[in-house]
Amino acid sequence: MADRAIFQDFVVSRSDRLLRTAYLLARDWGVAEDLLQEALAKAWFAWPGIDEPEAYVRKVLVTTYTSWWRRRWRRELPSDDLPDRGAHDPPGAGDELWRAVGRLPARQRAVIVLRFYEDLPVAEVAEVLGCHEGTVKSQTAKALARLRTDETITKELHP
């Protein structure tokens, strides 16, 4: 019973931040909510053996999102009617920079979100992504180079 209470406290205290991370990965609030729900369900089943719950859930978010992206998982059908902008969008979410981040390949996007939004050190990002620190550094460099050459950002910064 104590595990359940601790898990509930974790979910209540960390869900908002984890949801924002999921949104920055998926760029869709509905998918982000599904992604977080799945990550928390996986965490619940592994809860007794988890030492660092937030790091564990963050890793599950990234790996689950990557597997969904690889399968081109889609639950919604395209529509001509666009929904209103979400009330939960992080500051600057409508900016061209975040749209450009959304156009990055999934792995590069994950590195950018974890390094610069979550402010994790290279070693922790490597652990979350299950790769070497050198891979994190090279993916970061590639993503930043791609963002620097993105014409929409260049036009916004230098009209």
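The numbers here are math on the coordinates, done by the rules we state, and not lab data. Bear in mind that the values here come from a model prediction, so they are computed numbers and not experimental data. In this analysis, Cβ positions are derived from the backbone assuming ideal geometry, glycine residues included, and neighbour counts consider all displayed protein chains.
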Please give, to one decimal in nm, the separation of the simple spin-label points placed at residue 144 and residue 4, each 7 Å out from Cα toward the Cβ. 4.8 nm
With r defined as the distance between the Cβ atoms of residue 132 and residue 63 and R0 fixed at 22 Å, what FRET efficiency is calculated, to the nearest 0.05? 0.85
